[in-house]
Amino acid sequence: MRELTDLEKKLRRTDREEQLKPCPFCGEKPLYFSSDFILEIECPTCDYVRNFPPFLGQKKTDVLVGTDGYDLYYNASAEEDAVNAWNQRIA
Ligand SMILES: [Zn+2]
């Protein structure tokens, strides 16, 4: 497994990783990274990466949190949605 950067170490969520099915391509354990603006699941073995809508973004939800140049929404179920999508292999 490659070395994680300091930022990746900070964003890594091992509790979420326990909920993830293995990588669909190589079967290894994926890594889960999350912040307000980043939600990424990555396989460190074959470098497969998937990005999901994070907590804050332009995906429309019921909670509009800012309109500074563009509309920004809060997506409360961002992590559950990402884990479900990864585990169900939904694009
Ligand atoms: Zn893989």
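We did not get these values from a lab; they are worked out from the coordinates using the rules stated. None of these values were measured; they are calculated from a predicted model. Quick reminder, even Gly has a Cβ in these numbers, built from the backbone with ideal geometry, and neighbours come from all protein chains shown.
Summing charges over neighbours of Leu56, with a neighbour being any other residue whose Cβ is under 13 Å away from its Cβ, gives -2 when K and R count +1 and D and E count -1. Each Lys or Arg adds one and each Asp or Glu subtracts one; over the other residues with Cβ under 14 Å from the Cβ of Leu11, this totals -3.
How high is the FRET efficiency from Asp36 to Arg89, r the C-beta distance, R0 30 Å, rounded to 0.05? Can you show the working numbers first?
Values: r = 26 Å, r/R0 = 0.87.
That gives a FRET efficiency of 0.70.
For a Förster distance of 35 Å, can you work out the FRET efficiency between the beta-carbons of Cys26 and Ser77, rounded to the nearest 0.05? After rounding to 0.05, the efficiency reads 0.80.
Using a 10 Å Cβ count of at most 14 others and DSSP loop calls, identify the longest part of the chain lacking such chymotrypsin sites (Phe, Trp or Tyr not before Pro). Walk me through the numbers on the way to the answer.
Working: sites that count: Phe25, Phe37, Tyr70.
Longest site-free region, per DSSP loop and neighbour criteria: 38-69.
Hey, got a sec? Which trypsin sites (Lys or Arg not before Pro) in the stretch 18-91 land in a DSSP loop and have at most 15 other Cβ atoms within 10 Å? Could you put the intermediate results ahead of the total?
Numbers: sites: Arg50, Lys59, Lys60, Arg89; in loops: Lys59, Lys60, Arg89.
Counting only loop positions with at most 15 other Cβ atoms within 10 Å, the trypsin sites (Lys or Arg not before Pro) in the stretch 18-91 are Lys59, Lys60, Arg89.
Across every pair of non-identical alpha carbons in the stretch 6-88, the mean reciprocal distance, once inverted, gives a Kirkwood radius of 13.4 Å. For the stretch 6-88, a simple Cβ point-charge model (Lys and Arg +1, Asp and Glu -1, everything else neutral) yields a dipole of about 140 debye relative to the Cα centre.
Counting only GluC sites (Glu not before Pro) that sit in a DSSP loop (anything but H, G, I, E, B) with at most 11 other Cβ atoms within 10 Å, what is the longest stretch of the chain containing none of them? All intermediate terms of the calculation are to be shown ahead of the outcome.
Numbers: sites that count: Glu3, Glu18.
Answer - 19-91.
With respect to the chain, whose longest principal axis is taken over its alpha-carbon atoms, helix 78-88 is tilted by about 40°.
Cut-off 10 angstrom, C-alpha nodes, Gaussian network model of the chain. Which of Thr67, Thr14, Thr45 fluctuates the most? Result: Thr67 has the largest fluctuation of those listed.
The Asp68 and Gln19 beta-carbon pair, evaluated with R₀ = 41 Å, returns a calculated FRET efficiency of approximately 0.75. Based on Cα contacts under 8 Å between residues 6+ apart, the chain shows a relative contact order of 20 percent.
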